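Undergrad: I have a structure here, written as structure tokens, and I will follow up with some questions on it.
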Amino acid sequence: MPETKTQRSEAARKGAATRKAHEREHKQEERERKRQEQVSEVVDRTSELSDDVLKSLETGSQAAIEAVRKFIDVVDEALPALPHGERPSRRREIVDAAMEMADRLVKTQYEFLRSVVQSAGTTLSREKDEK
């Protein structure tokens with residue numbers, strides 16, 4: 001009879017070990033599922049950020065173009081164009097300077113937004129590697 005009790009104890013221990021192993025697997029699967037959900041959320045946020053950055057860049061570029069148009073209209077009204085053949089007029093110099101300023105403004109905005117996206121990408125890559 002002592003032999004039977006020992007056999008049952010071993011069987012009970014094996015069953016408990018099996019249950020614990022299943023629980024560990026379940027917990028590990030749950031952690032993995034949560035990690036995948038977090039990664040998915042990060043990807044979604046990154047996509048939204050990229051869309052927002054592109055919209056912002058487009059809006060800024062359009063605003064700069066519109067500002068230059070309005071500026072040129074004002075300059076055209078204030079300073080009449082000279083006939084062809086004469087040296088560049090003051091009007092032309094002013095318009096060229098405005099165009100250069102707008103070009104620099106758009107390039108600066110583009111570089112800034114690009115650096116924001118690169119920084120976000122670097123941060124997200126670091127977070128992914130740490131996990």
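Undergrad: Restricting to segment 69-91, and then to whatever is charged (D, E, K, R) and modelled with pLDDT of 80 or more, can you tell me which residue is least open to solvent (accessible area, probe 1.4 Å)?
TA: D73
Undergrad: Would it be correct to say that D51 is of a type in the set (D, E, K, R), modelled with pLDDT under 80 and either farther than 30 Å from L113 by Cα or exposed (fewer than 12 other Cβ atoms within 10 Å of the Cβ) (or both)?
TA: Considered against the rule, which asks whether it is of a type in the set (D, E, K, R), modelled with pLDDT under 80 and either farther than 30 Å from L113 by Cα or exposed (fewer than 12 other Cβ atoms within 10 Å of the Cβ) (or both), D51 comes out as yes.
Undergrad: Of the conditions (1) open to solvent by less than 90 Å² (accessible area, probe 1.4 Å); (2) modelled with pLDDT of 80 or more, K34 clears all except one; give me its number.
TA: Unmet condition: (1).
The values are calculated or read from the model by the stated rules, or taken from the named source; none is laboratory data. Treat the numbers as computed from the prediction; the structure is a model and nothing was measured. Note: ideal-geometry Cβ built from the backbone for every residue, glycine included; neighbour counts use all protein chains shown. Calculation scope for accessible area: heavy atoms of the full protein, side chains included, ligands and nucleic acids excluded. Shrake-Rupley method; radii C 1.70, N 1.55, O 1.52, S 1.80 Å.
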